[in-house]
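Asks: The structure is given below, and queries will be raised subsequently.
We did not get these values from a lab; they are worked out from the coordinates using the rules stated. This structure is a prediction, so every number in the text was calculated from the model and none was measured. FYI the Cβ positions are ideal-geometry reconstructions off the backbone, even for glycines, and counts take in every protein chain you see.
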């Protein structure tokens, strides 16, 4: 799954276009490397998103698209 789609379905970022813009601006790093929106997310990747002054760091637990918004939080764990 692409990182922009993962961020949208896991509800870390509200819209896919916003996730795409954030990735292209270089504010998303995976395992310490900046990535573009087309990066393929794998289980175990550590994603860091620069949201202003406080970055958010998560570890990917699943790349399967969830059935509902209550299950979306099970796709990652906050570090």
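Asks: Take the residues in segment 31-46 that are in contact with a helix residue (DSSP H, G or I) (Cβ under 7 Å, 6 or more places away or on another chain) and within 18 Å of residue 79 (Cβ to Cβ), then tell me which one is surrounded by the most Cβ atoms within 10 Å (Cβ to Cβ).
Replies: Within segment 31-46, the match that is surrounded by the most Cβ atoms within 10 Å (Cβ to Cβ) is 41.
Asks: Follow-up. May I ask you to verify whether residue 27 is within 18 Å of residue 4 (Cβ to Cβ) and exposed (fewer than 11 other Cβ atoms within 10 Å of the Cβ)? If you could, list the steps in order and put the result at the bottom.
Replies: Working: within 18 Å of residue 4 (Cβ to Cβ): yes; exposed (fewer than 11 other Cβ atoms within 10 Å of the Cβ): no.
In short, no.
Residue-by-condition table, conditions (1) outside any strand (DSSP E or B); (2) touching a residue at least 60 places away in the same chain (Cβ under 8 Å); (3) surrounded by fewer than 14 Cβ atoms within 10 Å (Cβ to Cβ); (4) touching a helix residue (DSSP H, G or I) at 6+ places or on another chain (Cβ under 9 Å):
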position: 4; (1), (2), (3), (4): yes, no, no, yes
position: 22; (1), (2), (3), (4): yes, no, no, yes
position: 49; (1), (2), (3), (4): no, no, no, yes
position: 59; (1), (2), (3), (4): no, no, yes, no
position: 63; (1), (2), (3), (4): yes, yes, no, yes
position: 69; (1), (2), (3), (4): yes, no, yes, no
position: 77; (1), (2), (3), (4): no, no, yes, no
